[in-house]
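Enquirer: Below are the structure tokens for one structure; questions will follow.
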Amino acid sequence: MSTRIFILTSLICLHLAVLASVGLAETVNPKALPNIVIIYTDDLGYGDLSCYNPNAKFQTPRIDQMAAEGIRFTDAHSPSTICSPSRYGLFSGQQIFRSTGRGGGAFEGPSGPSYLKPGTLTLGEMLKEKGYRTGVFGKWHVGLTWLDKDGKRLGGGFENSLLIDYEKSTPLVDGPNARGFDESFITPNCPNTDPLYLYIHNGMVVEPADRRHKRDTLPNPGGKWRWDNDEGWRPPHYEFVGADQLFYRKTKHFITDHHEAQPHQPFLAVLSTQICHAPVLPSPEFSGITDAGGRGDFMAELDAIVGKTLDLLKELNIDDNTIVLFNSDNGPETLHTIWMRHDHNHDAAGGWRGMKRDGWEGGHRVPFIARWPSRIPAGQTTDQMTNTTDIMATLASVVGYKLPDDQATDSFDMLPTMIGKQHPEQSIRPHLLTQSFRGEFQLRVGNWKYLDHLGSGGNNYANGAMAQYVLPEKAPKSTGQLYDLIKDPGETTNLYIEEEQRRKDMQKLLMELKESGRSAPRNRVPVGIENIPLIQP
């Protein structure tokens, strides 16, 4: 399909978006809790959607349509600049240091235990309390407890992957089904790059990993996009190519089967994708579909999966009262960003400084889209500052769940913005925390950003291909960084010394947010479904 056809399709979708919401109020029970679908993508940067990046070298018409039919956030952030801590933030509404006391690495092999400790309220548990049936499909990656033959907990790595005693380890004590999900089909870590490749269904391993994977059995788009495909241990049957097609099918079966059996019970379905994490292995039907190489084809596949998900909701006649959220766990991978810039003049970071792992904006500023045809007005774009952790409090507000003060402690309610009731000049969040690869902190207050560290907080820019992106440090005597993102969105001029009082105020606030155990307000009061207006015809 040519780029011209993609653009034409996108324009048609945008033109019809507002029309699609007319007349919805007549078909929705105003007191019925909505179904919820969360599409959580991997290493997808701010510039990877054509509705965010007018200069994108591929088009994402179905995701663009979703944005046009709902609300698009332009100042949204992942809790961390790597995957496992961000996923903890999605499922708990908290920054990773609330679990670990510091940062948190990305799990690999048979490593754990879960960052979601007993006693931590999870998104699944919260919604189950409100009567939902809950499911998660795809990449899990918040840690799992694996035992050897002596009952000793294993750590990560290639060697330990062969020491798993599957009988002793399953059902998993800290898998999704022990953390609030009724149904799950997951991989423990990254689906296509790990020492351990497994499918886990409802806490049980489908087939043990008993043989070594060989990467040369897989295609290598462009001669390089197979990069980062570990030769880990795998079971007899495992789908590297088309991983997200499998995860979509599992999600579809969950939604369809539940709707047929219990049409009046709301559901939560989390589709956690492999795309756009390395290695880039698009399904055969998407190979070569764009002019932007393997990663462009990968994005076309993701766009199609989002489209199929939205189409499914319409086919089941549940679209009007289903919230669909689209988000990413961090910014784009380093080599992916470099290759796309050099080979295709496409900036996956969307013009922001930094990439995955970095504390600069490119590491954690990500797309966030919300669509709910009967309640969220179409055609909205907002610069409200938000974090993935806010999904917890926002959905609590929708379903009328009063969050305890000691749970979801970094989660703010974005529902007023979504339904068009928040004044655009009034920020819901007075501040926002993120953490980079080594667990170091970044703090936003309005347009000001303080980084409690020097340098990127993640990647090494001293050598190799990353050196081309080094910027001169204009405050060489500083021990941190301070930027005005309105005047300096590229984070080029460090005002750490010049704005001494502002820096001290932000340092003090950061310490308070860390030591108090929370950044979110106390006594959060949910809006409740009965107080969310239906869109009138």
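The values are calculated or read from the model by the stated rules, or taken from the named source; none is laboratory data. Quantities reported herein were computed from a predicted structural model and do not represent experimental measurements. When we count neighbours, we look across all protein chains shown, and the Cβ atoms used for this are built from the backbone with ideal geometry, even at glycine. Please note that ligands, DNA and RNA were not included when accessible areas were found on the heavy atoms of the full protein model with its side chains. Shrake-Rupley method; radii C 1.70, N 1.55, O 1.52, S 1.80 Å.
Enquirer: Among the residues of region 28-80, what is the count of those that are closer than 21 Å to VAL399 by Cα, part of a loop (DSSP other than H, G, I, E, B) and in contact with a Gly (Cβ under 9 Å, 6 or more places away or on another chain)?
Expert: Counting residues in region 28-80 that are closer than 21 Å to VAL399 by Cα, part of a loop (DSSP other than H, G, I, E, B) and in contact with a Gly (Cβ under 9 Å, 6 or more places away or on another chain) gives 2.
Enquirer: Would you mind finding the one in PHE97, PHE73 that is farther than 29 Å from PHE240 by Cα, of a type in the set (Phe, Trp, Tyr), open to solvent by less than 10 Å² (accessible area, probe 1.4 Å) and modelled with pLDDT of 95 or more?
Expert: PHE73
Enquirer: Here's a follow-up. If the Cβ limit is 7 Å and pairs must be 6+ apart or interchain, which residue in region 93-118 that is farther than 30 Å from ARG522 by Cβ pairs with which residue that is buried (at least 24 other Cβ atoms within 10 Å of the Cβ) and of a type in the set (Val, Ile, Thr)?
Expert: Here the result reads ALA106/ILE82, each pair linking region 93-118 to a residue that is buried (at least 24 other Cβ atoms within 10 Å of the Cβ) and of a type in the set (Val, Ile, Thr).
Enquirer: I'm checking my understanding of the structure. Among residues of region 363-419 that are more than 21 Å from the chain's Cα centre (by Cα) and hydroxyl-bearing (Ser, Thr, Tyr), which one is most open to solvent (accessible area, probe 1.4 Å)?
Expert: Step by step, filter region 363-419, then rank; the result is TYR401.
Enquirer: Quick check on LEU509: is it outside any loop (DSSP other than H, G, I, E, B), open to solvent by less than 90 Å² (accessible area, probe 1.4 Å), closer than 21 Å to HIS431 by Cβ and in contact with a Lys or Arg (Cβ under 7 Å, 6 or more places away or on another chain)?
Expert: Details: outside any loop (DSSP other than H, G, I, E, B): yes; open to solvent by less than 90 Å² (accessible area, probe 1.4 Å): yes; closer than 21 Å to HIS431 by Cβ: yes; in contact with a Lys or Arg (Cβ under 7 Å, 6 or more places away or on another chain): no.
No; evaluated as a whole, the condition is false for this residue.
Enquirer: Which one of these is buried (at least 18 other Cβ atoms within 10 Å of the Cβ) and in contact with a Ser or Thr (Cβ under 8 Å, 6 or more places away or on another chain): PRO279, PRO266?
Expert: On the way: PRO266 fails: in contact with a Ser or Thr (Cβ under 8 Å, 6 or more places away or on another chain).
Matching residue, one of PRO279, PRO266: PRO279.
Enquirer: So is GLU285 under 29 Å from ILE338 (Cβ atoms), at pLDDT 95 or above and open to solvent by 40 Å² or more (accessible area, probe 1.4 Å) or not?
Expert: yes
Enquirer: Next up: Residues being free of Cβ contacts under 8 Å to residues at least 24 places away in the same chain and either open to solvent by 40 Å² or more (accessible area, probe 1.4 Å) or in a loop (DSSP other than H, G, I, E, B) (or both): count how many of those fall in region 231-248.
Expert: 2
Enquirer: Among the residues of region 167-224, which ones are of a type in the set (S, T, N, Q), closer than 25 Å to LYS117 by Cβ, part of a loop (DSSP other than H, G, I, E, B) and touching a Phe, Trp or Tyr at 6+ places or on another chain (Cβ under 6 Å)? Show your work before the answer.
Expert: Filtering region 167-224 for residues of a type in the set (S, T, N, Q) gives 169-170, 177, 184, 187, 189, 192-193, 202, 217, 220.
Cutting the leftovers down to closer than 25 Å to LYS117 by Cβ gives us 169-170, 177, 184, 187, 189, 202.
Next, from what is left, pick out any that are part of a loop (DSSP other than H, G, I, E, B): 170, 189, 202.
Of everything in region 167-224, just one residue is of a type in the set (S, T, N, Q), closer than 25 Å to LYS117 by Cβ, part of a loop (DSSP other than H, G, I, E, B) and touching a Phe, Trp or Tyr at 6+ places or on another chain (Cβ under 6 Å), namely ASN189.
Enquirer: Out of region 484-520, which residues are within 18 Å of ASN387 (Cβ to Cβ) and of a type in the set (Lys, Arg)?
Expert: Within region 484-520, LYS514, ARG518 qualify.
Enquirer: Within region 300-317, does at least one residue satisfy the condition of being within 30 Å of GLN442 (Cα to Cα), without any contact (Cβ under 8 Å) to a residue 24 or more places away in the chain, open to solvent by 10 Å² or more (accessible area, probe 1.4 Å) and charged (D, E, K, R)?
Expert: Checked region 300-317: no residue is within 30 Å of GLN442 (Cα to Cα), without any contact (Cβ under 8 Å) to a residue 24 or more places away in the chain, open to solvent by 10 Å² or more (accessible area, probe 1.4 Å) and charged (D, E, K, R).
Enquirer: Output the number of residues of region 208-220 satisfying the condition of being touching a helix residue (DSSP H, G or I) at 6+ places or on another chain (Cβ under 7 Å) and either open to solvent by 50 Å² or more (accessible area, probe 1.4 Å) or over 18 Å from CYS190 (Cβ atoms) (or both).
Expert: We begin by selecting, within region 208-220, every residue touching a helix residue (DSSP H, G or I) at 6+ places or on another chain (Cβ under 7 Å); these are 208-209.
From the residues that got through so far, the ones that are either open to solvent by 50 Å² or more (accessible area, probe 1.4 Å) or over 18 Å from CYS190 (Cβ atoms) (or both) too are 208.
Summing the residues that are touching a helix residue (DSSP H, G or I) at 6+ places or on another chain (Cβ under 7 Å) and either open to solvent by 50 Å² or more (accessible area, probe 1.4 Å) or over 18 Å from CYS190 (Cβ atoms) (or both) in region 208-220 gives 1.
Enquirer: Now, a different point. Restricting attention to region 337-362, report how many residues are in contact with a Lys or Arg (Cβ under 7 Å, 6 or more places away or on another chain), in a helix (DSSP H, G or I) and surrounded by 24 or more Cβ atoms within 10 Å (Cβ to Cβ).
Expert: The number of residues fulfilling the criteria is 3.
Enquirer: Suppose we keep only residues that are surrounded by fewer than 20 Cβ atoms within 10 Å (Cβ to Cβ) and not in a loop (DSSP other than H, G, I, E, B) within region 100-132. Which one would you say is farthest from the chain's Cα centre (by Cα)?
Expert: Looking at the filtered set, the residue picked out is GLU129.
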